[in-house]
Amino acid sequence: MSTGPATVRRWLVRGTATAVAVVVAAGAVTAAHAIGTGSDPDRPAGRTVTPVPAAAERVCAGSALRLSDDSGNDATKASTVGSASVATATTGSTVERSELSGSTTGSSAPQLLTAPAGRTTPQVAGSSSQSVSSGDLVGTAAASCDDPGQSTWLVGGSTETGRTSLITLSNPTDVNATVDLAVYDGSGQVSAPGTTGIVVAPNTQKVVPLSGFVSDQGSTVVHVTSSGGQIVAHMQESIVRTLTPGGFDIVSGGAAPAQRQVIPAVVLDQAQEAQSGDDAADAGPIVRIFVPGTRTARVTLGITTADGGGSTVNATAEPGVVTDVALDDFPDGRYSFTVTATEPVVAGARTTTPTEDGRTDLGWFASAEPLTDRTIAAVAPGDAPQLSFVNPTRSDARVTIRSGDAEQRVEVASGSTATVSVPVSQQLVMTGTEGLVAGVSYAGSAGIAGFPVRAATEASTPLRIYP
């Protein structure tokens, strides 16, 4: 074999390339800026990588639950009562529905919404609603269909006599999820066995009674965290006042701790009348606040309506304990609450209304994250649904809502609330929603309910990689 000059030259070229690679690795940024590109010497050399489009998924809360089977036996397992209606929307071609499996603890039959990937990653949205009348379980509920995540704050619930609160943990991923529950009440964090290391198998749901960890507590907040698979968490609360059904609702996850929380679309309807009768101490409207930090928060609660009315309530929230701020003497209407605090907090609102058959129904309303400029939503069927926008920004907003060929425009002044009627079971495309917070509420003869409108899912964007 020849070892002449050509072979030596090839070795030298490879060696030189290796040396250059070592220099670039040692000073990647400097080298990139120094080399530049052929067309633009000042622009760093690099390569744009576009992620492969992926399917979009959200999980709906499922149907109403009771702790027994149809015959009233087996009180350790939750069973469904009736079925929820689900409305969907997508920027893709279609929404596929499937049901997550149950476990030994029961299941609410949650629906997984999937929008298959196209040339880009689509968006998917949805909501569920249900009116039920079966024995002691009577009332109206609504909830948002949510993104799987590793942290969810459930602001609501009670374990007092006649109150049942069930946490649903849905795992739509293909790996086990290990879930920890941090439960807080009026005395602080609850220390109880079974709150950590809860394993939820892939593509299944587990139902966890809150009474298994804390008893006879009227004010609770639960922080759900998971590792491995991601979780969608909701909470169902049902009430029996002595011997009379007192309603039920589903608590959707609220916004992450922040110094400002916005709770849109809160219904106040005959609140004073709802507090009459036996066992009605928890029938008054409240805003529930929790400070997850270590310092006391001074809180200002701003209350606004679509007709321009408003007032403020001042309160103090101690760290690590749940605080309920009573809201008495407010007229009927649909309100938005803005909680401003000196420390990061989580917040939610509960109201109660009398129904035509002499009972009451409760509604839980979650805080919501700000929206992006373009938002899709779908409103599940229910009594008199209305969509409320809250504008916490410093600029006035003009929102356009499109549903098929129909279009309506909504002016939302800075610091104000605007409420409009919207169709059900249709895709809503909203533009001009940047920085706004929105929610849907229902009010009718069967009761009240509501859910937050979720922002668009954050999709991966092209990334430029430099040598």
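Screening S403 on (1) under 19 Å from the mean Cα position of the chain (by Cα); (2) surrounded by 13 or more Cβ atoms within 10 Å (Cβ to Cβ); (3) under 26 Å from P122 (Cα atoms) shows it passes everything except condition (1).
Taking every residue in the range 58-82 that is under 19 Å from S131 (Cα atoms) and pairing it with any residue that is among the basic types (K, R) and at pLDDT 90 or above, at least 6 positions away or on another chain, the pairs with Cβ-Cβ distances below 6 Å are V81/R66.
In summary, F330 fulfils each of the numbered conditions (1) outside any strand (DSSP E or B); (2) without any contact (Cβ under 8 Å) to a residue 60 or more places away in the chain with the single exception of condition (2).
Against the list (1) touching a Gly at 6+ places or on another chain (Cβ under 9 Å); (2) assigned to a loop (DSSP other than H, G, I, E, B), the condition A377 fails is (2).
Of the residues in the range 423-440, not one is without any contact (Cβ under 8 Å) to a residue 24 or more places away in the chain, in a loop (DSSP other than H, G, I, E, B) and assigned by TED's automatic domain parsing to the domain that holds C60.
Go through the residues of the range 296-315 one by one and say whether even a single one is part of a loop (DSSP other than H, G, I, E, B), in contact with a strand residue (DSSP E or B) (Cβ under 8 Å, 6 or more places away or on another chain) and modelled with pLDDT of 95 or more. Checked the range 296-315: at least one residue is part of a loop (DSSP other than H, G, I, E, B), in contact with a strand residue (DSSP E or B) (Cβ under 8 Å, 6 or more places away or on another chain) and modelled with pLDDT of 95 or more. Is one or more of the residues making up the range 323-330 out of contact with any Leu (no Cβ under 9 Å at 6 or more places or on another chain) and of a type in the set (A, V, I, L, M)? Scanning the range 323-330, I find at least one residue that is out of contact with any Leu (no Cβ under 9 Å at 6 or more places or on another chain) and of a type in the set (A, V, I, L, M), so the answer is yes.
Scan the range 120-137 and tell me whether some residue there is free of Cβ contacts under 8 Å to residues at least 24 places away in the same chain and touching a Gly at 6+ places or on another chain (Cβ under 7 Å). Among the residues of the range 120-137, not one is free of Cβ contacts under 8 Å to residues at least 24 places away in the same chain and touching a Gly at 6+ places or on another chain (Cβ under 7 Å), which makes the answer no.
Here is a yes/no grid of residues against (1) in a strand (DSSP E or B); (2) surrounded by fewer than 18 Cβ atoms within 10 Å (Cβ to Cβ); (3) within 18 Å of the chain's Cα centre (by Cα):
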| site | (1), (2), (3) |
| --- | --- |
| D216 | no, yes, no |
| S219 | no, no, no |
| V222 | yes, no, yes |
| M235 | yes, no, yes |
| I263 | yes, no, yes |
| V267 | yes, no, no |
| E273 | no, yes, no |
| A281 | no, yes, no |
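Per the listing T417, T372, T355, T400, the residue uniquely among the hydroxyl-bearing types (S, T, Y), in the same structural domain as T91 (by TED's automatic domain parsing) and touching a Pro at 6+ places or on another chain (Cβ under 9 Å) is T417.
Take the conditions over 30 Å from L243 (Cβ atoms) and either in contact (Cβ under 8 Å) with a residue 40 or more places away in the chain or polar (S, T, N, Q) (or both) and apply them to T351. Does it pass? Taking the combined requirement at face value, the residue does not satisfy it.
Residues are listed down the side, and each one gets a yes or a no for (1) within 22 Å of L210 (Cβ to Cβ); (2) in contact with a helix residue (DSSP H, G or I) (Cβ under 9 Å, 6 or more places away or on another chain); (3) not small (G, A, S):
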position: V240; (1), (2), (3): yes, no, yes
position: P245; (1), (2), (3): yes, no, yes
position: P257; (1), (2), (3): yes, no, yes
position: V262; (1), (2), (3): no, no, yes
position: V266; (1), (2), (3): no, no, yes
position: P285; (1), (2), (3): yes, yes, yes
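Only one of the listed residues (S165, S170, S133) is part of a strand (DSSP E or B), farther than 19 Å from S425 by Cβ and within 17 Å of the chain's Cα centre (by Cα). That residue is S170.
Pick from the range 74-124 the residues that are among the hydroxyl-bearing types (S, T, Y) and closer than 16 Å to Q426 by Cα: which of them is surrounded by the most Cβ atoms within 10 Å (Cβ to Cβ)? Applying the filter and picking the extreme gives T88.
The values are calculated or read from the model by the stated rules, or taken from the named source; none is laboratory data. Remember, it's a predicted structure, so these values are computed and weren't measured experimentally. Heads up, the Cβs are rebuilt from the backbone with ideal geometry, glycines too, and the neighbour counts pull from every protein chain shown.
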